[in-house]
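To keep things clear, I will list the structure first and then write my remarks on it.
The values are calculated or read from the model by the stated rules, or taken from the named source; none is laboratory data. In this text, all values refer to a predicted model and were calculated from it rather than measured experimentally. FYI the Cβ positions are ideal-geometry reconstructions off the backbone, even for glycines, and counts take in every protein chain you see. Surface accessibility is based on the protein's heavy atoms, side chains included, excluding ligands, DNA and RNA. Shrake-Rupley method; radii C 1.70, N 1.55, O 1.52, S 1.80 Å.
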Amino acid sequence: MIVDGLAELEGRAHDVCVVGAGPVGITLALELADKGKRVLLLESGGLKPSPITQELSRADIVDPAVHDDMRITVSRQLGGTSNLWGARCQPLDPIDFEDRSAFLGARWPIAHADILPFYEKACSYAHCGAPVFRGPFERLSNADDRFDTERLERFSRRPAFQKAHTQALETHPLIDIHLHATVSDLILDENAAVKAIEVSDLSGNRLNLEATTVVLAMGGLETTRLLLAMQRKTPSLFGGPDGALGRYYMAHVIGEVADVTWADAEIDAAYDFSADGYGSYARRRLIPSDREILEKNLPNVSFWPVVPPVADARHRSAILSMVFLAFAFKPIGSRLVAEVIRRYHAPKGVPKSPHILNVLRNLPSAIAYAPWFLYHRYVSAMRIPGFFVRNPGLKYGLSYHAEHFPTADSRVWLTDEQDAVGLPRLAIDLKFSRKDADALLDAHLFLDRWLRDNNLGTVAFRQPVEQTAEAILASANHGTHHIGTTRMGAHRNEGVVDRNLRTFDVTNLYVASSSVFPTSGQANPTLTAVALAVRLSHHLTSQSR
């Protein structure tokens, strides 16, 4: 049942209240309900996005060049940020669960084996096909094992979770969903357990609901904000003012500072998107082997080829310029991709006339490509997950997606300004360090040596090698992966939640979010956050038994 507003909330008994109806919250609610639990799912937004509800997410960004505006990186609506999601699905890697604390300064209190069984169900919820994340390719398999050439990422066929699971959400007898219901406070009893949930709407209405078990699945930073507000009233909570809450904020180090040229067309083809027969599109990534990461203190990083920057008209490609022009015209671009992606590919101030000339030079190819891509991207049941055009020169931008090393001074905190429901707004200071850049430069140099040694290709930097670390730092920015601010730890002096995602200081309060990750890994976080939600449903069910 889906209800808009606070009507009918009072007097209803639920086993578990899940706050936030994004991918994690929806997964957890469906899993618990299938196990016989009555679930209340509270969502701050409505069925569609609204500027008024998005304004609740506004935050003070210390450096806007490093972190995106929160109003475009989250989506307060049913389905949450799955409405903005790029649909990438990857599990965390075994190396992420190895003890690298001497280098990273953090480690997971669970093993890879503790989460591995839950990825299959996570793939089902994410509609990304079978949990097959390796694919051998003979030409690459003959290379030495300093790099892993078999690693795959998968892509969701139906990324908007509320659309993918519409029938179950609307008809499951054990799930009650309330929209425009913002949790503005959690009220504790004398035993440090949540006894009531304060729920507010934008009209000023408030009510308190009795609580049994509460799971915060509001997204990494919104969850952190609510916990910080609780800590402001009771400073000893969650490790106290000097504890982990709000600190160790991570995203990923992303960008391009080099180009890759493949040795032959066979390798070129291996790095294109492919429907591999397991139920979704997949794509190969290049990742240093676990051994090399450990021995050389490399970051866990993945590399893959991308088209040249579409905003740079010097590529002289009619297709790429047509893409730029579509993105640059906001009424069209914002319907094609999330706003943060549109701005990345079509920044303000780029002249349009050179792109128009590119299109006119080879108009037939642009006209032929557009309907094919639009159909396979937005109409076909097996939607192509991204934009990639191969070229006869076999030269591409070399994209990287690297783990972001945790540091305590990369953090968020509360300001004195309040939003419309009375919650203090966040200040966000995401920091990338020289250590991130130096390690990533080492990984690029290592990849170049490996490609040359195996006659697979070459890497060419876009700036002098000695300036590359600075180039990595200059282009480091993020805002859509909210990792680390409520991290999992072995004890309350190390983290905010334990190995089962329960907060150390509030006995019936859990956090289900990528914010519990102690390290970020190279993989996009959504699939692992969903897998942790599936794991949490098993824990909550066993606890009640």
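Checking every one of the trypsin sites (Lys or Arg not before Pro) in the stretch 278-357 against DSSP loop status and a limit of 10 other Cβ atoms within 10 Å picks out LYS348.
Go through the stretch 349-424 and name the chymotrypsin sites (Phe, Trp or Tyr not before Pro) that are in a DSSP coil and have 12 or fewer other Cβ atoms within 10 Å of their Cβ. Intermediate values should be presented prior to the final figure.
On the way: sites: TYR369, TRP372, PHE373, TYR375, TYR378, PHE387, PHE388, TYR396, TYR400, TRP413; in loops: PHE387, PHE388.
Within the stretch 349-424, no chymotrypsin sites (Phe, Trp or Tyr not before Pro) qualify (loop, at most 12 other Cβ atoms within 10 Å).
Mind running the shape call on the stretch 60-110? Use the C-alpha gyration tensor, a ≥ b ≥ c as the square roots of the eigenvalues: rounded below 1.5 for a/c, prolate if a/b tops b/c, oblate otherwise.
Values: a/c = 3.05, a/b = 1.56, b/c = 1.96.
Because a/c hits 1.5 or more and a/b fails to exceed b/c, the stretch 60-110 counts as oblate.
Counting lysine pairs in the chain whose alpha carbons fall under 20 angstrom apart, excluding pairs fewer than 8 residues apart on the same chain, gives 10.
Sequence-distant contacts, meaning Cα pairs under 8 Å at least 6 residues apart, place the relative contact order of the stretch 7-120 at 20 percent. With the simple model of a label 7 Å out from the Cα in the direction of the Cβ, THR171 to MET382 spans 2.8 nm. Ordering MET1, SER57, VAL16 by the projection of their Cα atoms onto the charge dipole of the stretch 1-96, which places +1 on the Cβ of Lys and Arg and -1 on the Cβ of Asp and Glu, puts MET1 at the extreme positive end.
Using a 1.4 angstrom probe with every protein chain in place, what is the largest-first accessible-area order of GLU417, GLU153, GLU256, GLU120? Numbers along the way, then the final one.
On the way: GLU417 70, GLU153 0, GLU256 50, GLU120 125 Å².
Ranked from most to least accessible, the order is GLU120, GLU417, GLU256, GLU153.
Amide H contacts of LYS431: ARG411, each under 5 Å away and 5 or more positions distant or on a separate chain (H built 1.01 Å from N in the peptide plane; Pro and chain starts excluded).
Where in the stretch 193-215 does the label zone of ILE187 land, with the point 7 angstrom along Cα→C-beta and an amide N cut-off under 17 Å? Hits in the stretch 193-215 for ILE187 at 17 Å: 193-201, 205-214. Close amide H partners of TYR400, meaning residues 5 or more places away or on another chain with modelled amide H under 5 Å apart, are GLY255.
Taken along the Cα-to-beta-carbon direction at a fixed 7 Å, the label points for ARG462 and SER365 span 2.1 nm. Placing unit charges on the Cβ atoms only, positive for Lys and Arg and negative for Asp and Glu, gives the stretch 386-545 a dipole magnitude near 580 debye about its Cα centre.
Recomputing Cα Rg over 2.2 N^0.38 Å from the coordinates shown identifies the correct label among (i) 0.96; (ii) 1.21; (iii) 1.04 as (i). Compared with the dominant Cα axis of the chain, that is its longest principal axis, helix 220-233 is turned about 40°. Remark: the stretch 322-339, residue by residue, has Karplus-estimated 3J(HN,Hα) of 5, 5, 4, 4, 5, 5, 5, 8, 3, x, 8, x, 6, 8, 8, 9, 4, 4 Hz, where x stands for each Gly or Pro and the curve is 6.51 cos²θ - 1.76 cosθ + 1.60 at θ = phi - 60°. The simple spin-label model puts a point 7 Å past each Cα toward its Cβ; for ARG139 and HIS539 those points are separated by 4.5 nm. Working note: Karplus 6.51/-1.76/1.60 with θ = phi - 60° gives the stretch 158-174 the couplings 9, x, 6, 4, 5, 7, 5, 10, 4, 4, 5, 5, 7, 10, 5, x, 9 Hz, where Gly and Pro are set to x. Each Cα pair under 8 Å and six or more residues apart adds its sequence gap; the mean of these over the residue count of the stretch 65-136 is a relative contact order of 19 percent.
Amide H to amide H distances under 5 Å link ARG462 with ALA258, ASP259, where only residues 5 or more positions off or on other chains count and H is placed in the peptide plane.
Between the beta carbons of ARG434 and LEU47, assuming R0 = 51 Å, the FRET efficiency works out to 0.65 to the nearest 0.05. Placing +1 on the Cβ of each Lys and Arg and -1 on the Cβ of each Asp and Glu in the chain, which of GLY393, THR234, PRO406 has its Cα farthest towards the positive end of the resulting dipole? Going by the charge dipole, the pick is GLY393. Using only DSSP helix segments of four residues or longer, with each worth -39500 (n - 2.57), what per-residue ellipticity at 222 nm results for the chain after dividing by its residue count and rounding to 500? For the chain, the value works out to -9000 deg cm²/dmol. Note on the chain: dipole from Cβ charges, positive end direction compared against ILE356, VAL306, SER200; the farthest Cα belongs to ILE356.
Most tightly packed first, judged by the mean number of other beta-carbon atoms within 10 Å of their residues, the peptides 444-454, 83-93, 162-172 read 83-93, 444-454, 162-172. Using a cutoff of 8 angstrom between alpha carbon atoms and counting only pairs six or more residues apart, the relative contact order for the stretch 116-263 works out to 11 percent.
For the stretch 139-179, a simple Cβ point-charge model (Lys and Arg +1, Asp and Glu -1, everything else neutral) yields a dipole of about 220 debye relative to the Cα centre. If you fit an axis through the alpha-carbon atoms of helix 23-34 and take the longest principal axis of the Cα set of the chain, what angle between them do you get, 0 to 90°, nearest 10? Value to nearest ten degrees: 50. First check a/c for the stretch 334-401, with a ≥ b ≥ c the square roots of the eigenvalues of its C-alpha gyration tensor; if it is under 1.5, answer rounded, and if not, answer prolate when a/b is larger than b/c or oblate otherwise. Because its axes are fairly even, with a/c under 1.5, the stretch 334-401 counts as rounded.
Of all DSSP-defined beta bridges confined to the chain, some 70% are antiparallel rather than parallel. Whole-percent P(r), the stretch 20-115, all Cα pairs, 10 Å bins from 0: 13, 27, 32, 25, 3. Quick one: Cα centre-to-centre distance for the stretch 406-477 and the stretch 163-191, in angstrom? Centre-to-centre (Cα) distance: 36 Å.
Under a Cβ-only charge scheme (Lys and Arg +1, Asp and Glu -1), can you give me the dipole magnitude of the chain about the Cα centre, in debye to the nearest 20?
1320 debye
Annotation: cysteines of the chain without a disulfide-compatible partner (Cβ-Cβ under 4.7 angstrom) are CYS17, CYS123.
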